[in-house]
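Chemist: Take a look at this one; I'll ask things after.
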Amino acid sequence: MELKRILVGLEGIKAKGNVNIDIKGIEKNSKEVKEGYMFIAIKGFSTDGHQFVENAIENGASCVMLQEGCDIKALNIPEDITILMVKDTREALAICSSNFYGNPSAQLKLIGVTGTKGKTTTTFMIKEILEKAGKKVGLIGTIATYINGKKIKESDRTTPESLELQQTFRQMVDSGVEVVVMEVSSQSLKLHRVDGCQFDIVLFTNFSEDHISEKEHPDMQDYLNSKLKLFEMCKTGIVNADDLQSAKIPRKFPDSNIVTYGIDNFANVLAKDITITNSYVDFRVKITDRNERVKTGIPGRFSVYNSLAAICVAQKFGISPEIIKQALEEVRVPGRSELVDNKKELTIMIDYAHSPESLQNILQAAKSYTRGKVISVFGCGGDRDAGKRPIMGEISGKIADYTIITSDNPRTEEPQKIVEQIESGIKKTKGKYEVVVDRIKAIENAIKMANKKDIIILAGKGHEPYQEINGEKLSFDERIIVKDIIDKMK
């Protein structure tokens, strides 16, 4: 594609060299650059792409894009290489990628879902409803990318980098996909990963403390402002009327067409007469012009909220109540209130809860419907917000009947230090607990103490089939671990 066409929509570009050249590909990783490519240097948290400009040129780059402020003289770029200077190369990468792949999101109905909790479950519910209605659907999110019901690849982040995202959209368009439902993280909005995307519907599930760290958001206001950028990209929105921050969105964006859903406050789509058990929830809700009884096979009050959000999207597509009800009853989400079948017939639930509010929600939900003990097994991830660790310890100590503090993904931190920070919170309560740093041993201890009336909640890792220690992802699938532990027991 001609370079000029790739740069459409970018402002304030400074160019040196030939801008009429043909570009065969775009890359931000110098190792992946081939002959005739444009290399875009990104200044990351740990590495600066400008250090690899020379490598990119050696690999065949005919054009390099740099960020204002870099030391261009130190890069020793040959005279025959086209140099582009822009204010923000992350933003430029997104716009250029969208242009290069033919602005694929404009050829799709694109639904963006943001919020602290519930993004994954809500996107799976929307996907299930749309597929039941005969739509060809793509899904991009925390667990994996799906195209027309087939898992294409596992995910290493909630929202892909802009280049990968536009490549995926292109693949979806070429595969005949009509609607894409996508989790949109605060980081992706802050770091311009979704710039260039044309959203048709945006949805805000809720807002609570999470992702506050040096590498993420400095404070809650920055976290919220990042999420709100999604509503600047689309005028058709859906928000949770029971959430303090998302309930303010209609007033913040008065020119937008925003629908609300909820349980406790006035909303356009309201759930009533809610029943919660250890295997499902059901509730009454008005869909189109009549009251319907909706059942969802994912326990917990939060499942009602996620279902309502999905119903709001379904109504935008004019999908019948019968299809909506069937889809919500059948949908299952990996690692989200996922019950693990086992020969001891124990109730063992795997859930991705890794923030104070999500842990509180899952434990309170379990407490409300469990006849026996609630046994909580959880840790906190390393290199992430350390402030939430004692808070989560205190939450588990107050709600669970017994807590086993253990390791999660320690990453580059010392696991013992993390569990001690969690323990400082649980010590403020009268909750019974033990500390077992080895997560497999912690799960085994929980299983050995449980009976059929109890529920074991393995919180934090959810769908993840690995444990990340010192930059290495080691195989760690809690479904397999539970089965192995029980198989070895007499």
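The values are calculated or read from the model by the stated rules, or taken from the named source; none is laboratory data. This is a predicted model, so every value here is computed, not measured. Ideal geometry is used to build each Cβ from the backbone, glycine not excepted, and the neighbour counts take in all protein chains shown. SASA here: full protein model, heavy atoms, side chains in, ligands and nucleic acids out. Shrake-Rupley method; radii C 1.70, N 1.55, O 1.52, S 1.80 Å.
Chemist: If V113 satisfies every condition in (1) touching a Ser or Thr at 6+ places or on another chain (Cβ under 6 Å); (2) outside any strand (DSSP E or B); (3) farther than 30 Å from K4 by Cβ but one, which is the exception?
Modeler: Failing condition for V113: (2).
Chemist: Right, next: Within the stretch 432-455, work out how many residues are among the acidic types (D, E) and in contact (Cβ under 8 Å) with a residue 40 or more places away in the chain.
Modeler: So the first thing to find is which residues in the stretch 432-455 are among the acidic types (D, E), and the list is 434, 438, 444, 454.
Add one more test, that the residue is in contact (Cβ under 8 Å) with a residue 40 or more places away in the chain, and what stays is 444, 454.
So the answer is 2.
Chemist: Quickly run through the stretch 236-279 and pick out the residues that are free of Cβ contacts under 8 Å to residues at least 40 places away in the same chain, out of contact with any Gly (no Cβ under 9 Å at 6 or more places or on another chain) and among the hydroxyl-bearing types (S, T, Y).
Modeler: T260, T275
Chemist: Taking the stretch 156-177, which residues are surrounded by fewer than 17 Cβ atoms within 10 Å (Cβ to Cβ) and not in a helix (DSSP H, G or I)?
Modeler: Within the stretch 156-177, D156, R157, S175, G176 meet the criteria.
Chemist: Pairs only if they're at least six apart or on different chains, beta carbon under 7 angstrom, first in the stretch 126-154 and farther than 19 Å from I323 by Cβ, second among the acidic types (D, E); list them, first residue then second.
Modeler: Filtered contacts from the stretch 126-154: I140/E183; G141/E183; T142/E183; A144/E154.
Chemist: Does the stretch 429-463 hold any residues that are within 12 Å of T406 (Cβ to Cβ) and assigned to a helix (DSSP H, G or I), and which are they?
Modeler: R439, I440, K441, A442, I443, E444, N445, A446
Chemist: Which of (1) more than 22 Å from the chain's Cα centre (by Cα); (2) crowded, with 18+ Cβ neighbours inside 10 Å is the odd one out, the single condition D351 does not satisfy?
Modeler: Going through (1) more than 22 Å from the chain's Cα centre (by Cα); (2) crowded, with 18+ Cβ neighbours inside 10 Å one by one, D351 breaks only (1).
Chemist: Moving to a separate point now. Looking only at the stretch 13-54, how many residues end up being in a strand (DSSP E or B), in contact with a strand residue (DSSP E or B) (Cβ under 7 Å, 6 or more places away or on another chain) and open to solvent by less than 80 Å² (accessible area, probe 1.4 Å)? First the steps, then the outcome.
Modeler: Here is the first cut: in the stretch 13-54, the ones in a strand (DSSP E or B) are 14-16, 22, 25-27, 37-40, 43, 48.
Next, only the ones that are in contact with a strand residue (DSSP E or B) (Cβ under 7 Å, 6 or more places away or on another chain) stay: 14-16, 22, 25-27, 37-40, 43.
Remaining after also requiring open to solvent by less than 80 Å² (accessible area, probe 1.4 Å): 15, 25-27, 37-40.
Residues meeting the conditions: 8.
Chemist: So which residues in the stretch 55-77 are open to solvent by 50 Å² or more (accessible area, probe 1.4 Å), farther than 22 Å from G25 by Cα, out of contact with any strand residue (DSSP E or B) (no Cβ under 7 Å at 6 or more places or on another chain) and outside any helix (DSSP H, G or I), if there are any at all?
Modeler: Of everything in the stretch 55-77, those that are open to solvent by 50 Å² or more (accessible area, probe 1.4 Å), farther than 22 Å from G25 by Cα, out of contact with any strand residue (DSSP E or B) (no Cβ under 7 Å at 6 or more places or on another chain) and outside any helix (DSSP H, G or I) turn out to be G69, D71, N76.
Chemist: Among I95, I77, I81, which is the only one that is in contact with a Gly (Cβ under 7 Å, 6 or more places away or on another chain) and more than 30 Å from I238 (Cα to Cα)? Before you say what the answer is, go through the steps one by one.
Modeler: On the way: I95 fails: more than 30 Å from I238 (Cα to Cα); I77 fails: in contact with a Gly (Cβ under 7 Å, 6 or more places away or on another chain).
Result of the check over I95, I77, I81: I81.
Chemist: Right, another one. Quick check: anything in the stretch 422-431 touching a Phe, Trp or Tyr at 6+ places or on another chain (Cβ under 7 Å), within 14 Å of S376 (Cα to Cα) and open to solvent by less than 10 Å² (accessible area, probe 1.4 Å)? Show your work before the answer.
Modeler: Start the filter on the stretch 422-431 by keeping residues that are touching a Phe, Trp or Tyr at 6+ places or on another chain (Cβ under 7 Å), which leaves 426.
Cutting the leftovers down to within 14 Å of S376 (Cα to Cα) gives us 426.
Then drop every residue that is not open to solvent by less than 10 Å² (accessible area, probe 1.4 Å), which leaves 426.
Yes, there is a match, as at least one residue in the stretch 422-431 is touching a Phe, Trp or Tyr at 6+ places or on another chain (Cβ under 7 Å), within 14 Å of S376 (Cα to Cα) and open to solvent by less than 10 Å² (accessible area, probe 1.4 Å).
Chemist: Which of the residues spanning the stretch 223-268 are assigned to a helix (DSSP H, G or I), closer than 21 Å to V285 by Cβ and of a type outside the set (A, V, I, L, M)?
Modeler: Passing the criteria: S246, P250.
Chemist: If you don't mind, another one. Name, by its number, the condition in (1) under 30 Å from T296 (Cα atoms); (2) surrounded by fewer than 23 Cβ atoms within 10 Å (Cβ to Cβ); (3) touching a Leu at 6+ places or on another chain (Cβ under 8 Å) that does not hold for I111.
Modeler: (2)
Chemist: Then there is this: Applying the selection to the stretch 287-300, what residues are closer than 21 Å to E128 by Cβ, open to solvent by 60 Å² or more (accessible area, probe 1.4 Å) and part of a strand (DSSP E or B)?
Modeler: Applying the first criterion (closer than 21 Å to E128 by Cβ) to the stretch 287-300 yields 287-288, 292-300.
From what's left, open to solvent by 60 Å² or more (accessible area, probe 1.4 Å): 288, 293, 295.
Hits for the stretch 287-300 are R293, K295.
Chemist: Determine which member of the set A327, A314, A366 is closer than 25 Å to I405 by Cβ and of a type outside the set (D, E, K, R). Don't jump to the end; show me each part of the working.
Modeler: Numbers: A327 fails: closer than 25 Å to I405 by Cβ; A314 fails: closer than 25 Å to I405 by Cβ.
Just a single option satisfies the conditions, and that option is A366.
Chemist: Moving on. Can you pull out the residues in the stretch 124-152 that are farther than 18 Å from V294 by Cβ, among the β-branched types (V, I, T) and touching a strand residue (DSSP E or B) at 6+ places or on another chain (Cβ under 7 Å)? Outline the logic, then answer.
Modeler: Taking the stretch 124-152 as the starting set, the residues that turn out to be farther than 18 Å from V294 by Cβ are 134-152.
Okay, now just the ones that are also among the β-branched types (V, I, T), so 137, 140, 142-143, 145, 147, 152.
Listed by number, the residues that qualify are V137, I140, T142, T145, I147, I152.
Chemist: Something else about it: Looking only at residues that are touching a Phe, Trp or Tyr at 6+ places or on another chain (Cβ under 9 Å) and not in a helix (DSSP H, G or I) in the stretch 301-332, which one is modelled with the lowest pLDDT?
Modeler: Taking the candidates together, the pick is R332.
Chemist: Where the second residue is open to solvent by less than 10 Å² (accessible area, probe 1.4 Å) and hydroxyl-bearing (S, T, Y) and the first is within 24 Å of S98 (Cβ to Cβ) and lies in the stretch 108-124, which pairs have Cβ atoms under 6 Å and are six or more apart or on separate chains?
Modeler: V113/T122; V113/T123
Chemist: Same structure again: Pull up the stretch 299-315, narrow it to residues that are among the β-branched types (V, I, T) and farther than 14 Å from A365 by Cβ, then point me to the one that is farthest from the chain's Cα centre (by Cα). Let's see the steps before the verdict.
Modeler: Taking the stretch 299-315 first, the residues among the β-branched types (V, I, T) are 304, 311, 313.
Going one step further and asking which of them are farther than 14 Å from A365 by Cβ, we end up with 311, 313.
Details: I311: 20, V313: 18 Å.
Selected residue: I311.
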